[in-house]
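A quick write-up on the structure given underneath.
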Amino acid sequence: MKLYHALRNAASFRTFFDFGERDVAHWFPGHMAKGLKQMRATMKNESLDVRPHLLVLNKVDLADLSTKQRMVKELERSGVKNILFTDSLKQRDDNIKKLVPMVTEMINNKPRFNREESTSYCLMVIGVPNVGKSSLINALRRTYLKKGRASRVGGEPGITKAVLTRIQVCDRPIMHLLDTPGVLPPKIESVETGLKLALCGTILDHLVGEDVMADYLLYSLNRLQKFSYVERYGLGDPSDNIEHVLKGIAVKLGKTQRVKAITGIGNITVRIPNYTAAAYDFIRAFRRGELGQVLLD
């Protein structure tokens, strides 16, 4: 019965999202451009297509694994053959153990890079922000060297600002990785693509705006008929009104802020719902998979 009421309410919800006059140009921070320049210099201006590479799809614990085979087939059709799914925060991940053997086999099968006199390897880790590049490096060190982390990690993009020095992750064979800043294409194709990237944590929230991110997330959840947010925050029914939802979240979590109100008899201090804090909690719950498996296709 609850699902019936939820679907009935959703029938009147928005069928499109108003992106307004937003511009994604300023969502590309300066350190990304600097990082791209450094990476090109380190690669000696060679294209990635020239070198063997392994595609690591990290944070598999947050993924909808029912789409895994479809993703692999799509990637293989586009020419990507070497693919590995990992969870670098897991203390012991069997796929992390596969990475070094896969890389060494790939290099040894490429005559151009198979130099018998060379017994060590140096690889560059490249990816969009906040996908766990530094966590992957630390996981490899933990697995192969039994050592602690060498790269700083964090829950938001932009922790790694520049190409770092070589970090050893294995001694048999000797292998070093270069940690790099997360980078995005300098030109994001659309505002909607930018919002999806932002919700996944690849763009700093304040550059986009927590309010619009939360509103787009609500729109997407309703469109996909994912109503777990209702029970999580005790809202009663699904809603298409972001202010109503954020107010409910703020009340549920006790997120309030003090503001001054001007009245006819003087100024008074009142407490109102903290919509920014509520929006941040809503977005974080999505990123942690606490709103269910959601594919922003």
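Quick notes on this structure:
- Accessible surface ranking for S220, S135, 1.4 angstrom probe, highest first: S135, S220.
- Two-site label geometry, V72 and E105: point separation in nm, points 7 Å out along Cα→Cβ: 1.3 nm
- Charge dipole (debye, nearest 20) of segment 169-276; +1 at Cβ of Lys and Arg, -1 at Cβ of Asp and Glu: 400 debye
- Chain lengthening between N82 and E21 when straightened (0.36 nm per residue, less Cα-Cα): 17.9 nm
- Label-point separation in nm, L54 to K90, each point 7 Å along Cα→Cβ: 1.6 nm
- Pairwise FRET efficiency - I265 versus L62, Cβ, R0 = 35 Å, nearest 0.05: 0.10
- Segment D240-S12, length gained on full extension (0.36 nm per residue, minus Cα span): 81.2 nm
- The length gained on full extension between I272 and Q293, counted as 0.36 nm times the residue separation minus their Cα-Cα distance, comes to 4.3 nm.
- Scanning residues 5 or more positions from N58 or on other chains, those with amide H under 5 Å from its amide H are T86, with H placed 1.01 Å from N in the peptide plane.
- Segment 202-238 residues near the modelled R284 label - backbone nitrogen below 20 Å, point 7 Å along Cα→Cβ: 202-218, 228-235
The values are calculated or read from the model by the stated rules, or taken from the named source; none is laboratory data. Keep in mind that this is a model prediction, so the values were computed, not measured. As a convention, Cβ positions derive from the backbone with ideal geometry for all residues, glycine included, and neighbour counts pool all protein chains shown. The protein model used for the area step is the full one, side chains on, heavy atoms only, and it has no ligands, DNA or RNA in it. Shrake-Rupley method; radii C 1.70, N 1.55, O 1.52, S 1.80 Å.
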